[in-house]
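Here the structure comes first, spelled out in structure tokens, and everything after it is commentary.
The values are calculated or read from the model by the stated rules, or taken from the named source; none is laboratory data. Everything quoted here is computed from the prediction, not taken from an experiment. Cβ coordinates were reconstructed from backbone atoms using ideal geometry, including for glycine residues, and neighbour counts include every protein chain displayed. Heads up: the accessible areas ignore ligands, DNA and RNA and are worked out on the full protein's heavy atoms, side chains in. Shrake-Rupley method; radii C 1.70, N 1.55, O 1.52, S 1.80 Å.
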Amino acid sequence: MMYPVKHFKKAMCTLVALSMFALTGPAGVEAGSVKMKFSHQNNVYDADQLLAETFKQLLEERTDGGIKVAIYPGTLTTSEEEAMEFVKSGTVDVDTNSAGHLAGFYKDIQFLQLPYLFKSPAHYKVARQSGVIKEILAELEKATGLIALGIYSDCNGFAIASTKPINSIQDAKGTKLRCMQNPLFVDIYSEFGFTVTPTDWGELYTSLQTGLVEADDLGVYCNNIFKMSEVVSNYAILRQMWTQKVVFISPKTWAKLSGEQQELVRSVANDAIELTDAWQYAREQEAIEKVQAAGGTVTYPDTAPFKAASEKVYEKWFANNPHWKAWYDQIQFLDPDARMPKAYQVK
């Protein structure tokens, strides 16, 4: 995936997809019921599909069928840019988009993907409800013209998959790594010592197979569901980054809902997000155990040198975005493993 431009492109495939939807009619109220289309760009084994299925089931149950949801997994477009256009036009009601892509529309979304910003799933769970995140999502809505229902973690950044073992930061040096061509990601992995190698997503499998690239940052579970595990068998667990996805709903769809329905949609989206995040963490651990059982290599390098290398990333990005430092301090304050009542603190 290449780092996105700011403006939507009018591609012929957009017209084809729009024509397909015309056969089923526009989203909205029909015969007293609300019918929603939920799309995402991944396959049916991905966390996006679980989120969509959970959203559908909960919303239909809690409205006694008053709101119906149809899911379109990876069938409309593989372009997140086009997907956003569908949502903006109201052709699609709900969609998920990666924060790495959204940075082309609102650069401050990058803050959430700073290296080692979140220390654990518990820290991330608390921080996601913070004022910082709410502020970022509010500004993202202004920048995109869409309504953000919430964020959840993507599987990228949990681990480095490679064709040779990575036991330390020294092993990272010179290793050709493919990541999204997002300036922040490139800075992070360059400081870690990797040679960041631009590679189209559709060519990653063969690039790993032929040695054009030697590593990716998809994490263990995602390498498995996208079949990259067929050509890589080494995983370094760094938890270096918590990449994000955002759930959007179309403003046109939103305007058709009553206040009560809007509140319910937000509640259901939050429940689906909580489940999806917990599910992803469990699947990541399960995938690690599967690799080990199959004789693959799983390493746990000392993360201290990687965190030290991250300081240069912080220095650069804080200099360009001074308000990020205050956000960072607020997020770190919310780490439950670093907080305790004063009475428990040893003097």
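Report the equivalent ellipsoid semi-axes for segment 184-305 in whole Å, largest first, defined as the square roots of five times the eigenvalues of the gyration tensor built from alpha carbon atoms.
Details: eigenvalues 240, 67, 46 Å².
Over the Cα atoms of segment 184-305, the semi-axes work out to 35, 18, 15 Å.
Remark on segment 202-254: ratio of C-alpha radius of gyration to 2.2 N^0.38 Å is 1.56. Each of E203 and A122 was given a label point 7 Å from its Cα along the Cα-to-Cβ line. The distance between the two points is 4.5 nm. Nearest 10 degrees, 0 to 90: what angle lies between the long axis of helix 80-89 and the longest principal axis of the chain (Cα atoms)? Tilt of helix 80-89: around 30 degrees.
For segment 41-154, compute Rh as the Kirkwood radius over C-alpha pairs and then the Stokes-Einstein diffusion coefficient at 37 °C and 0.692 mPa s; write the answer in µm²/s, rounded to an integer.
The estimated diffusion coefficient comes to 212 µm²/s.
Size descriptors for the chain, from the alpha-carbon set: Rg then Dmax equal 20.6, 70 Å.
Per-residue ellipticity at 222 nm computed for the chain from its helices equals -14000 deg cm²/dmol, with DSSP H segments shorter than 4 residues left out and the rest contributing -39,500 (n - 2.57). If you wrap the Cα atoms of segment 177-222 in a convex hull and average its projected area over all directions, you get 3.2 nm².
Per-peptide packing, taken as the mean over residues of other Cβ atoms within 10 Å, places 61-74, 245-258 in the sequence 245-258, 61-74 from highest down.
Can you pull the percent of Cα pairs in segment 145-231 with separation above 15 Å? Percent of Cα pairs beyond 15 Å in segment 145-231: 58. Computing Rg and the Kirkwood Rh from the Cα coordinates of segment 234-278 gives a ratio, Rg/Rh, of 1.21. Applying 1/(1 + (r/R0)^6) with r as the Cβ-Cβ distance of E260 and A343 and R0 = 25 angstrom yields a FRET efficiency of 0.05. For segment 89-200, the solvent-accessible area with a 1.4 angstrom probe is 28 square angstrom per residue.
When each of the peptides 172-180, 283-291 is scored by how many other beta carbons lie within 10 Å of its residues on average, the order from highest to lowest is 172-180, 283-291. Think of a 1.4 Å ball rolled over the protein heavy atoms: segment 245-340 then has 53 Å² of accessible area per residue. Under 5 Å between amide hydrogens, built in the peptide plane, is the criterion, and for A70 it picks out M36, K37, F38 among residues at least 5 positions away or on other chains. Heavy-atom surface analysis with a 1.4 Å probe gives the chain a carbon and sulfur content of 55 percent of its accessible area.
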